[in-house]
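First the structure, in the form of structure tokens, and then the observations on it.
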Ligand SMILES: [Zn+2]
């Protein structure tokens, strides 16, 4: 296996300290086993039933029981929805998929000092899996991260470094520590995190008995979750398991819309923006690492990019809670976009939304 830049094609060995390409874009893994339905280990539950579809490593996986999240069907305002309850993960968010795979590799490599910068959920996931594997974990969080998320990171025993100022300051502080020798276990850049998240796509199709859903709607900050789902769908299509792709829809907070702006202006690449304050702090990303890739997925599948405001996000959070589903505001973002989405889709279509993070995290 080796790393290849998803943008310019530059190649690096898997075991490199380079966490992104010289062109600034993220790497993807090359040489991952081809998708085969027969490779799924049906006697196992959760993410690791897909182990033979994941990049191989020596030893046992670092697992807390992630993956295998429920897919709940329902009707909302005349739309057919599939809600995938990713918040029902060990640390309460979909980030556990990536953390489980990344930390499994780190342990097999003997890496024991790792760090990430995060607004909360990725940090909590790395802290939990790192604790389980006995790694020293440092998480750089912006001071505006929710108190619940900071407390969650700290209780796993990770070193919590609170960084004042806007979100990019936490990244700058993290990179300084990387220069001093720690491993950058970046949830945004790591190709191993992307591979872990790709299991969402495999799992979804398995739950749908291999019928392609019509539409997938993601909350988008860095865009890595949507990128991983697109990658998973493309792999299943190449393997002949899917005969077409679902339409991909990306939703941003109106306070921070770098991808929406690029889409509206017909640009292939995304320019940095200065974000405003929003309740959807998990997707307040001014420099989206997977921005151009999200645009590719949207354009190739006849999707769209939307933005929603805080009032719509809070209303969506309450609407989900009125059905017993308590998610954090960031995770209500795709639901908040349904009004815009319904203008582009037919009522009988199946639209799948991941509900990414638990509501208890937002206090
Ligand atoms: Zn490159």
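Restricting to the range 1-17, name every residue that is more than 10 Å from the ligand (Cβ to nearest atom) and part of a loop (DSSP other than H, G, I, E, B).
1, 14, 15, 16, 17, listed by residue number.
Report, ordered by the first and then the second residue, all pairs with beta carbons closer than 6 Å, sequence separation of six or more or different chains, a first member in the range 296-319 that is closer than 17 Å to residue 354 by Cβ, and a second member that is surrounded by fewer than 21 Cβ atoms within 10 Å (Cβ to Cβ) and modelled with pLDDT of 95 or more.
Qualifying pairs under 6 Å: 301/245; 306/340.
Answer yes or no: is there a residue in the range 211-225 that is assigned to a helix (DSSP H, G or I) and buried (at least 22 other Cβ atoms within 10 Å of the Cβ).
Yes, the conditions are met somewhere in the range 211-225.
Out of all the residues in the range 120-130, is one or more crowded, with 24+ Cβ neighbours inside 10 Å, touching a strand residue (DSSP E or B) at 6+ places or on another chain (Cβ under 6 Å) and not in a helix (DSSP H, G or I)?
no
Restricting attention to the range 18-25, does a residue exist that is in contact (Cβ under 8 Å) with a residue 40 or more places away in the chain, more than 14 Å from the ligand (Cβ to nearest atom) and surrounded by 15 or more Cβ atoms within 10 Å (Cβ to Cβ)?
No, the range 18-25 has no match at all.
Which number in (1) in a loop (DSSP other than H, G, I, E, B); (2) within 15 Å of the ligand (Cβ to nearest atom) marks the one condition that residue 59 misses?
Exception for residue 59: condition (2).
Which members of the range 247-261 meet the condition of being surrounded by fewer than 24 Cβ atoms within 10 Å (Cβ to Cβ) and more than 21 Å from residue 281 (Cβ to Cβ)?
Within the range 247-261, just 247 meets the criteria.
Which of (1) in a loop (DSSP other than H, G, I, E, B); (2) within 19 Å of residue 232 (Cα to Cα); (3) away from the ligand (no atom under 16 Å from the Cβ) is the odd one out, the single condition residue 43 does not satisfy?
All conditions are met except number (2).
Check off (1) in a loop (DSSP other than H, G, I, E, B); (2) within 21 Å of residue 26 (Cβ to Cβ); (3) touching a strand residue (DSSP E or B) at 6+ places or on another chain (Cβ under 8 Å) for residue 323 and give me the number that stays unchecked.
(2)
Rundown of residues vs (1) surrounded by fewer than 16 Cβ atoms within 10 Å (Cβ to Cβ); (2) modelled with pLDDT under 95; (3) in a helix (DSSP H, G or I), yes/no style:
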| site | (1), (2), (3) |
| --- | --- |
| 198 | no, no, yes |
| 204 | no, no, yes |
| 209 | yes, no, no |
| 230 | no, no, yes |
| 233 | no, no, yes |
| 245 | no, no, no |
| 268 | yes, yes, no |
| 272 | yes, yes, no |
| 298 | no, no, yes |
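Within the range 28-35, can one find any residue that is in contact (Cβ under 8 Å) with a residue 12 or more places away in the chain, more than 16 Å from the ligand (Cβ to nearest atom) and under 14 Å from residue 203 (Cα atoms)?
Yes, the range 28-35 has at least one match.
State which residue pairs qualify: first residue free of Cβ contacts under 8 Å to residues at least 24 places away in the same chain and inside the range 181-199, second residue crowded, with 24+ Cβ neighbours inside 10 Å and in a loop (DSSP other than H, G, I, E, B) in any location, beta carbons under 6 Å apart, and separation of 6 or more residues or different chains.
So the pair list comes out empty.
The values are calculated or read from the model by the stated rules, or taken from the named source; none is laboratory data. As the structure is a prediction and not an experimental result, all values here were calculated from the model. Note that each Cβ is placed from the backbone with ideal geometry, even for glycine, and that neighbours are counted across all protein chains shown.
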